[in-house]
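Engineer: This is the structure I want to talk about, given as structure tokens.
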Amino acid sequence: MTRRESCHLLDMLAKLRDPRKDKGKRHPLKSILALMVIGLMCGHKGYTSIATWARSQPALAKALSFTHKKTPCASTIHNLLKRLDVVVVEETLTQWVKTVIKSRPDLTRCLDAVAIDGKTMRASQKSGATTSHLLSVVSHELGVTLTQRSVSDKTNEIPISTEILNLKTGEETHKVHYGITSLNPEAASAKCLLALRRGHWSIENKSHWMRDTLLGEDASPVRCGAIPQVMAALRNTALSVFRFAGITRIADKMKYYASKPKLAVNMIK
């Protein structure tokens, strides 16, 4: 991926406010979050595994602009992730996705149809996490998560879906069981609507299934603070980096980058 195509994910991460006090802070926030994304891209499923692996990757630490020879331990990463403002994290990563798409005209048609669906992080739910159900908006064609919101126990997916749709007219059209479409009657042929309805399952195949099988989301028991939702956002980001690069055999590429992590860094710089 070229620098233009990556749209500076590292620079975007640098915009996040660091919740830590300056005293005793050893590692840059953007470096830690970038390490999490690269670790996920290299096949590691959680921050503990990533922290242990990174200690044996001095070249990777240098490439990600860490200021100390030793990368952060698991407890340091844990304490940071649980304190992050997850809303700001997701907004920042959503802005990165929009920036990439805006910079590449070849991707604008990928927004013609999107799927909206919820996903429960089962192990986190069993562990008592306050946030365990997330609603995602995923491009049918590209398979990139455009945005994500948490769904609390006090509400359901319908009002959250209404909030994140960006309906230009401000009007809502309700279709019982058949879904909601912004297409006018002339464009909404039976063939088109059928294709859109079937395309909805891309959110399961290209996002939810990938997060569970390749990135271990369903088996992850993390539950403290913002960690479950932040980790989900970082998993989405790791998959998006692959998707934007046109990589379809993601499992194979993850194995490849496991032994060449510096090449994965080139994809986000």
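The values are calculated or read from the model by the stated rules, or taken from the named source; none is laboratory data. Since we're looking at a predicted model, the values are computed, not measured. Cβ atoms come from the backbone with ideal geometry, glycine included; neighbour counts cover every protein chain shown. Ligands, DNA and RNA are stripped out before the accessible areas are found, and what is left, the full protein with its side chains, is counted by its heavy atoms. Shrake-Rupley method; radii C 1.70, N 1.55, O 1.52, S 1.80 Å.
Engineer: Inside region 235-261, can you point out the residues that are aliphatic (A, V, I, L, M) and touching a residue at least 24 places away in the same chain (Cβ under 8 Å)?
Structural biologist: Selection gives ALA238, LEU239, VAL241, ALA245, ILE250, ALA251, MET254, ALA258.
Engineer: Also: If we keep just the residues of region 213-269 that are within 18 Å of ASP11 (Cα to Cα) and among the basic types (Lys, Arg), which is least open to solvent (accessible area, probe 1.4 Å)?
Structural biologist: LYS269
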